[in-house]
Amino acid sequence: MSLEDLYREVILDHYRNPRNKGHLENPDVKAEGVNPLCGDELSIELNFEDDRVSAVAIDGQGCSISQSSASMMTEAIKGKSRSEIETLTQRFRDMMSLDGETEIELDPDRPGAVLGDLESLQGVRKYPVRIKCASLGWNVLLEALGETG
Amino acid sequence: MTDLSHLKADFPVLANGVHFLDSGASSQKPIPVLEAMDRFARTSYANVHRGAYKLSVASTDAYEAARARVAGFIGAADPREVVFTRGTTTALNTVAFGWGLEHLGPGDRILSTEIEHHANLVPWQMVAKRTGASLDHVPMGDDFRLDLVAYEEKLGPDVKIVAVTGMSNVLGIMPPIRLISDLAHRHGARVVVDAAQLVPHTSVDVEALGADFIAFSSHKMLGPTGIGVLWGRMAALEETEPFEGGGEMISDVTLHDATWAEIPHRFEAGTPPIIEAVGLHAAIDYLESIGMDQVLAHDLELTGIALDRLSDVPGIHIQGPTNLEDRGGVLSMSMDGVHAHDLATILDEGGVAVRSGHHCAKPLMRRLGVAATARASFYVYNTEEDIDALVGGLRQAGELFGVGS
């Protein structure tokens with residue numbers, strides 16, 4: 001395991017150029033969260049159409065892991081239903097909690113369960129103190145979804 | 001060059017080669033401290049101030065000898081002015097609640113600064129809310145030092161206490177406590193100093209310092225965790241009510257009332273950290289065998305080397321003064337395009353331990369306009385090799401993240 005496995009190019013790309021950054025005009029739901037240990041911050045705003053995410057925006061500041069994870073998350077949840085997002089979230093959490101040696105194999109045909117770029121965050125498992133960074137966006141997402149649930 | 005490289009062998013944790021640059025958070029422990037605690041626990045340990053038996057007398061003697069040792073170390077006029085606490089935080093809370101609740105009310109002002117550690121901010125926020133006193137802060141100037149002109153302007157008869165750091169855990173600066181104290185005293189205010197970073201790194205004489213209370217921790221000065229010191233001028237301690245009640249701190253107790261034991265025991269409710277006091281005693285012996293002037297000179301030498309070597313690392317900004325005047329060996333850094341946590345992870349891969357984050361000083365981070373910094377802090381066991389590893393790791397981080405490319 002080397003630093004290049006943790007800081008893969010796709011992670012650095014999302015960190016430098018976060019996707020869906022900003023704010024929505026009339027968000028249906030929103031939430032914000034902070035990691036009190038390190039001070040990383042993230043807000044998320046969502047709009048739904050027919051129970052599917054039609055627009056998402058994030059804003060925040062923090063390390064490459066927290067911000068890239070959130071950026072990739074926004075791409076992964078667009079167009080997804082709530083139940084698909086729940087499956088996806090579980091997938092992500094499973095990936096983070098796996099023993100660092102195990103390479104996970106994702107089933108690309110499983111509906112709503114494709115992590116895509118997020119798989120690049122697998123390397124974080126080798127750095128246990130950084131898992132909370134990768135999880136920040138997802139925790140805020142769940143809070144936002146719970147707001148209406 | 002203050003060569004202290006022979007000391008490294010006294011610190012077992014460092015044997016694995018770690019470049020430990022986080023002494024500002026907590027320091028490593030030398031063998032003499034570990035052995036003193038072990039020997040005491042094996043041969044002389046019992047509760048203090050209670051037993052009529054020989055073992056308890058021996059234990060009490062060791063505990064009180066530690067108090068006298070601390071008093072001598074900081075130039076206190078009387079060992080009774082030394083109160084053992086759990087650490088700096090408890091010591092500062094003792095002043096905030098024990099002194100503050102007695103002497104503050106609506107219309108009074110507490111004057112702190114915007115560079116404080118949360119331990120010297122949050123207790124005052126709590127006490128301000130309870131008493132109706134207001135809380136004001138001395139700003140930091142653009143030179144990373146307290147704005148003393150603003151300080152003088154903010155002083156007035158309504159200021160009852162000034163709460164200030166003796167050395168910033170982020171910036172490394174040492175505010176002029178003597179001047180700050182003299183000005184405060186002119187207005188009848190008490191002065192409490194968060195000396196958690198100051199006492200471990202420089203020679204402190206409380207009489208010369210001029211404050212009314214100072215607080216510091218054993219674990220940042222080569223001693224064990226779990227014990228710290230509140231020093232108070234006797235007149236200031238006499239104005240302070242006990243903050244915790246319980247055993248040991250009373251003179252007499254009925255079902256409805258109690259009277260307090262003598263100072264300092266009235267501030268030491270419950271069984272105190274006895275083995276830790278013995279460890280702190282040994283830590284002071286160890287530091288004095290080096291000499292506190294040597295300790296500071298060594299810290300500053302490393303700081304100077306680091307500042308010089310960091311000046312041509314692409315994207316690095318030092319969050320603090322880049323000169324060596326009135327400061328200690330603490331360097332906070334940020335790098336363009338690389339977050340402090342990423343810096344810390346990359347440095348850790350190279351065996352370099354630094355602190356990253358807001359350093360329990362979030363208002364100061366906002367003032368500096370950064371969310372977090374990576375902080376290197378130096379102590380007696382650090383060497384130039386640690387700086388080599390630090391600078392190498394920072395360059396690697398810059399390359400990995402494409403800084404300056």
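Among (1) under 19 Å from the mean Cα position of the chain (by Cα); (2) within 29 Å of residue B:16 (Cβ to Cβ); (3) among the hydrophobic types (A, V, I, L, M, F, W, C), there is one condition residue B:361 misses while meeting the rest; what is its number?
(2)
Can you tell me which residue is farthest from the other protein chains (Cβ to nearest Cβ) among those in region A:38-75 that are assigned to a helix (DSSP H, G or I) and of a type in the set (S, T, N, Q)?
Filtering region A:38-75 down to residues assigned to a helix (DSSP H, G or I) leaves A:64-75.
So of that shortlist, the ones also of a type in the set (S, T, N, Q) come out as A:64, A:66-69, A:71, A:74.
On the way: A:64: 5, A:66: 8, A:67: 8, A:68: 11, A:69: 13, A:71: 14, A:74: 19 Å.
The extreme case among them is A:74.
Applying the selection to region A:76-94, what residues are assigned to a helix (DSSP H, G or I) and either on the phi > 0 side of the Ramachandran plot or small (Gly, Ala, Ser) (or both)?
A:76, A:83
Check B:108, B:143 and return the single one that is within 16 Å of residue B:171 (Cα to Cα) and charged (D, E, K, R). Step through it out loud before you land on a result.
Values: B:108 fails: within 16 Å of residue B:171 (Cα to Cα).
Every option except B:143 fails the conditions.
Please work out if residue B:371 is more than 9 Å from every other protein chain (Cβ to nearest Cβ) and of a type outside the set (Val, Ile, Thr).
On the way: more than 9 Å from every other protein chain (Cβ to nearest Cβ): no; of a type outside the set (Val, Ile, Thr): yes.
It is false that residue B:371 is more than 9 Å from every other protein chain (Cβ to nearest Cβ) and of a type outside the set (Val, Ile, Thr).
List, please: which pairs have Cβ atoms under 6 Å, are six or more places apart or on different chains, and start with a residue in region B:212-232 that is free of Cβ contacts under 8 Å to residues at least 60 places away in the same chain and in the same structural domain as residue B:266 (by TED's automatic domain parsing) and end with one that is surrounded by fewer than 24 Cβ atoms within 10 Å (Cβ to Cβ) and in a loop (DSSP other than H, G, I, E, B)?
B:212/B:233
What's the total number of residues in region B:387-405 that are under 15 Å from residue B:374 (Cα atoms) and more than 14 Å from every other protein chain (Cβ to nearest Cβ)?
4
Restricting the search to region A:1-37, which residues are of a type outside the set (Lys, Arg), touching a helix residue (DSSP H, G or I) at 6+ places or on another chain (Cβ under 6 Å), more than 14 Å from chain B (Cβ to nearest Cβ) and assigned to a loop (DSSP other than H, G, I, E, B)?
If the condition is that a residue be of a type outside the set (Lys, Arg), touching a helix residue (DSSP H, G or I) at 6+ places or on another chain (Cβ under 6 Å), more than 14 Å from chain B (Cβ to nearest Cβ) and assigned to a loop (DSSP other than H, G, I, E, B), then A:20 is the only one that fits.
Considering only strands (runs of 3 or more DSSP E) fully contained in region B:290-401, which possess at least 2 residues that are crowded, with 16+ Cβ neighbours inside 10 Å and touching a residue at least 40 places away in the same chain (Cβ under 8 Å)? It would help to see each step written out before you state the result.
Details: elements: B:316-318, B:330-335, B:355-357, B:373-377.
Passing ranges, in order: B:330-335, B:373-377.
For residue B:263, state whether it is assigned to a helix (DSSP H, G or I), of a type in the set (A, V, I, L, M), modelled with pLDDT of 95 or more and assigned by TED's automatic domain parsing to the domain that holds residue B:196.
Working: assigned to a helix (DSSP H, G or I): no; of a type in the set (A, V, I, L, M): yes; modelled with pLDDT of 95 or more: yes; assigned by TED's automatic domain parsing to the domain that holds residue B:196: yes.
So residue B:263 does not fit the description; no.
The rows are residues; the columns are (1) more than 21 Å from residue B:215 (Cα to Cα); (2) touching a residue at least 60 places away in the same chain (Cβ under 8 Å); (3) of a type in the set (D, E, K, R).
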| site | (1), (2), (3) |
| --- | --- |
| B:70 | no, yes, no |
| B:75 | no, yes, no |
| B:102 | no, yes, yes |
| B:105 | yes, no, no |
| B:117 | no, yes, no |
| B:121 | no, yes, no |
| B:126 | no, no, no |
| B:131 | yes, no, no |
| B:149 | yes, no, no |
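Tally the residues that are among the hydrophobic types (A, V, I, L, M, F, W, C), part of a helix (DSSP H, G or I) and surrounded by fewer than 24 Cβ atoms within 10 Å (Cβ to Cβ), restricting the search to region B:81-118. I'd like the intermediate steps shown before the answer.
Pass one, region B:81-118, residues among the hydrophobic types (A, V, I, L, M, F, W, C): B:82-84, B:91-92, B:95-97, B:99, B:101, B:104, B:110-111, B:115.
If we keep only those that are part of a helix (DSSP H, G or I) as well, we get B:91-92, B:95-97, B:99, B:101.
From what is left, the residues that are surrounded by fewer than 24 Cβ atoms within 10 Å (Cβ to Cβ) are B:97, B:101.
Looking only at that region, the number is 2.
The values are calculated or read from the model by the stated rules, or taken from the named source; none is laboratory data. Since this is a predicted model, take the numbers as computed values, not measurements. Using ideal geometry, Cβ is built from the backbone for each residue, glycine included, and neighbour counts are taken over all protein chains shown.
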